[in-house]
Amino acid sequence: MRRSTHLALGAIAALCTGGVAAPATAAWEPVRPVEFIVPAGTGGGADQMARTIQGIVTKHTLMKQPLVVINKSGGAGGEGFLDVKGSGGNPHKIIITLSNLFTTPLATGIPFSWKDLTPVAMLALDEFVLWVNADKPYKTAKEYIDAVKAAPAGSIKMGGTGSKQEDQIITVAVEKAVGTKFTYIPYKGGGEVAVQLVGNHVDSTVNNPIEAVAQWRGGKLRPLCVFDAKPMAYDEPIADGKAWKDIPTCKSAGLDMEYLMLRGIFMAPRATKDQVEYYVELFKKIRATPEWQDFMKSGAFNTTFLTGAEYAKWVEAEDKRHQALMKEAGFLAPSN
Amino acid sequence: MEELVNLFHGFAVALQPFNIMVMVLGIVLGVIIGVLPGLGGANGVAILLPLTFSMPPTSAIIMLSCIYWGALFGGAITSILFNIPGEPWSVATTFDGYPMAQQGKAGEALTAAFTSSFVGALFAVVMITLVAPLVAGFALQFGPAEKFAVYFLAFCSFVGLSKEPPFKTIAAMMIGFALAAVGLDSITGQLRLTFGFTPLLNGFDFLIAVIGLFGIGEILLTMEEGLAFRGGKAKINLRVVLQTWKELPKYWMTSLRSCFIGCWMGVTPAGATPASFMSYGIAKRMAKNGKNFGKGEIEGVVAPETAAHAAGTSALLPMLSLGVPGSPTAAVLLGGLLIWGLQPGPMLFVEQKEFVWGLIASMYLGNIVGLIVVLTCVPIFAAILRVPFSIIAPLILVLCAIGAYSVHSSTFDVMLMLVFGVIGYLLKKCNYPLAPLVLAIVLGDKAEEAFRQSLLGSQGSFGVFLSNPLVSTIMILGLIALFWSLIQEGYSRLRSAATA
């Protein structure tokens, strides 16, 4: 009896909204504050991006409801993903992802896959650069690789963010390409990794541009090559008259590895088309602001923007690739 | 001398009427944030960050750093009045602050805490002004081994402090280590001790444990003892501030020592929490009436508060010059800097002089404004203890629950807090000390991480902990602190043997 009343009410409600909201102009809009989940700690790359977005939305009043950033970093971000997965049908929750979208379920075995979420848009891709201390004699990636090859296996230390995540995946790929072993030392955050390199506590890192740019400008670190198919687009000089554009690709130095990290947005399961459309439009507006463009420039981001089926296809391919990379590196959780 | 010229220029920036208004607003908001346990400086700054985007960068960072100062001041209030530390570094303040409040000396304890905070912060700011470039380089020498050595020193200077039997102290500490181990193993990237139970992914957050163990546990104890706050007869007028000030200069030595400990720990990436514990531990050993520590000794409030604020302030130095935040709050501030296009790092001091010196000048002024604001409120805070228990206890419970919830926005944490409350009550009834347990929860996973990172780097050789003068010195200091009582005893025996 109860259920049938519910159904009846639902039907009436559906009729009403269908009847009233049929014109395309009356699209869905948030009616409550929107939670913006960051599956990482405060101060990291994803957190910075989320807080920049929050700032832009507030400054340009792009939303009628507030956007609230919430960090859920537990279990390498698993906490955040499971939270959004469990909020099916709640359109007031979005999540920004990094590569832990793929690596965390594989490495920890928590019950989650990106397919549980609704893809909204790819905002940008983060680059990875091979860095060494500026006091070291290596001027090119090749010189460094030759030195690594000459040293006993395991004596060269590579610092990176987190364990069994993107930095370590790249390290393993470099090991394969070079044919030697690094000692990989995981740290909590990218900024800390860069400073450990400045202090010579590790020998090289694969920091994202934004994590190491300040030390590069200060003359403490030297970029050797970028793990991308083509050099980065930004030609404004950063240090010693060199720009991001002048950093050669690692492939050209004999390190055949390309890796870009997703900075994308997902919604909770069972989001309607209208709701996804609302957020896509919102992020289009955000991307048009000068603040966003400055942010992209400061971090030398790859500004590819994808939505809908194209985005889902990209994520799916990337998921397959991570499965292969993680399996090869022996990073899969025992239960997988 | 160029620094001083820059600084005066900075004062001119910070003293603009709009900036002073922003400063007062920031301090008041900060104190409110600090008083609410669990909300904490980091969350507070994060929530208020977007508010500042419409301001010029210098005003914005002045406001945010004043919220930070305010939260540092505010954290002491609940520690002293209700035994609920709002921030990790306020834990050591409860040891003597709360007994003082129970003896009706809440006003004295609050005045001592606020004044010491101010002294510590001022000392650190002067240091930042004069020796910033030198000190910034020092932080670079801290790799994993050095960091572990600092944590080791913090633990060692705290062991053996407790009045309880050593085995109870060790048992409490081990429980703390076990709790700290739950969650993600950051070295292997795998989950441990979660037993497939998702809410445990995050491990046991320090704040939830502390709110439960101290706050809820204390309420349970008070209920058992007759439903009334002791210390209701606290003097509530401003004279108490002046009277306490007369007494404080006696503790100049403790204060100075705590300033140095604080600055040193703040510049190294260890931070304010180990600084406050270490400073308390060393003060207890060095002070004349060290035996009375824990029973409401004003010096036991001075030591941790001075060190915590010296550390909290000097932690901003590595943030500005290296881009590495020394505390979670500093991390959020760092995010703010980036949004305004200010890239922290070695070049910030060169390229953004006006901003950097405006910020440093605001540290001076913000702390003075903060001290005036909180000191005038001392009578109001002390008067809270006169409110009947039946009214205040439910309010505290609600505040605790909100605090626990807001850490991760999770209702599971509220239940966890209640469980910790019962555990805290039982441990207190059985005379297990809570402080070592808390210390182990706060620093346990960090110490473990640094230890394993060091051994990874040295390929398993323990020699790494004695591999250079810096790390060796800290480790040896730690060992001395650990065996201090034995050394002292041996020394006095030698002396008595010599005289005999």
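FYI, it's all coordinate maths here, none of it is from the lab. Model, not experiment: these values are computed from the prediction. Virtual Cβ from ideal backbone geometry, glycine too; neighbours counted across all protein chains shown.
Below is a table of values for the structure above.
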quantity: Volume per residue of the C-alpha convex hull in chain B, rounded to whole Å³; calculated: 169
quantity: Lys/Arg +1, Asp/Glu -1 at C-beta; chain A dipole; positive extreme among A:A50, A:V315, A:G86; calculated: A:G86
quantity: For segment A:267-336 and segment B:80-119, distance of Cα centres in Å; calculated: 48
quantity: Residue-count net charge about A:G308 - beta-carbon cut-off 11 Å; Lys, Arg +1, Asp, Glu -1; calculated: 0
quantity: Protection proxy ranking of A:64-70, B:312-318, A:207-213 - average other beta-carbon atoms within 10 Å, highest first; calculated: B:312-318, A:207-213, A:64-70
quantity: Residue mean of other protein chain beta carbons inside 10 Å, B:342-349; calculated: 5
quantity: Value at 222 nm in deg cm²/dmol, rounded to 500, when DSSP H runs of n ≥ 4 in the protein assembly as shown each add -39,500 (n - 2.57); calculated: -19000 deg cm²/dmol
quantity: Lys, Arg +1 and Asp, Glu -1 on Cβ, resulting dipole of segment A:56-204 about Cα centre, debye, nearest 20; calculated: 220
quantity: Residues whose placed amide H lies under 5 Å from that of A:L221, excluding near-sequence neighbours; calculated: A:A134, A:W216
quantity: For A:T118, residues with placed amide H under 5 Å, excluding near neighbours; calculated: A:M267, A:A268
quantity: Cα-based helix-to-principal-axis angle, A:273-287 vs chain A, degrees rounded to 10; calculated: 40
quantity: All lysines inside 19 Å of B:K284 as judged from Cα atoms, apart from same-chain residues fewer than 8 positions distant; calculated: B:K163, B:K250, B:K295
quantity: Given charges at Cβ of Lys, Arg, Asp, Glu: the protein assembly as shown dipole, positive-most of A:P237, B:I423, A:G191; calculated: B:I423
quantity: Calculated from backbone phi, Karplus (6.51, -1.76, 1.60) coupling profile of segment B:111-119 in Hz, x at Gly/Pro; calculated: 4, 4, 4, 5, 5, 4, 4, 4, 4
quantity: Given A:K139/A:K230; A:K93/A:K273; A:K164/A:K273; A:K164/A:K297; A:K181/A:K313, the pairs whose alpha carbons are separated by over 27 Å; calculated: A:K164/A:K273; A:K164/A:K297; A:K181/A:K313
quantity: Relative packing of A:325-334, B:302-311, which averages over residues the other C-beta atoms within 10 Å, highest first; calculated: B:302-311, A:325-334
quantity: Helix A:308-329 axis, angle to chain A major axis (alpha carbon atoms, nearest 10°); calculated: 40
quantity: Averaged over A:197-204, number of beta-carbon atoms from partner chains that fall within 10 Å; calculated: 4
quantity: Hz values of 3J(HN,Hα) by residue in segment B:392-402 - Karplus curve (6.51, -1.76, 1.60), Gly and Pro given as x; calculated: 6, 4, x, 4, 5, 4, 5, 4, 4, 5, 4
quantity: Average projection area in nm² (convex hull over Cα atoms of chain A, one quarter of hull surface); calculated: 19.1
quantity: Residue-averaged beta-carbon neighbours from other chains (10 angstrom radius) around B:449-460; calculated: 3
quantity: Principal axis dimensions, largest first and in whole angstrom, of the protein assembly as shown by Cα; calculated: 83, 77, 58
quantity: Cβ crowding within 10 Å averaged over residues, with A:194-206, A:243-255 ranked highest first; calculated: A:194-206, A:243-255
quantity: The protein assembly as shown - charge dipole about Cα centre, Lys and Arg +1 at Cβ, Asp and Glu -1, debye rounded to 20; calculated: 1460
quantity: Amide hydrogen neighbours beyond the local backbone of A:A239, cut-off 5 Å, H modeled; calculated: none
quantity: Inverse of mean 1/r across different Cα pairs in segment A:188-265, Kirkwood, Å; calculated: 13.4
quantity: Dipole-positive endmost among B:L64, B:S116, B:P166 within the protein assembly as shown (Cβ charges, Cα centre); calculated: B:P166
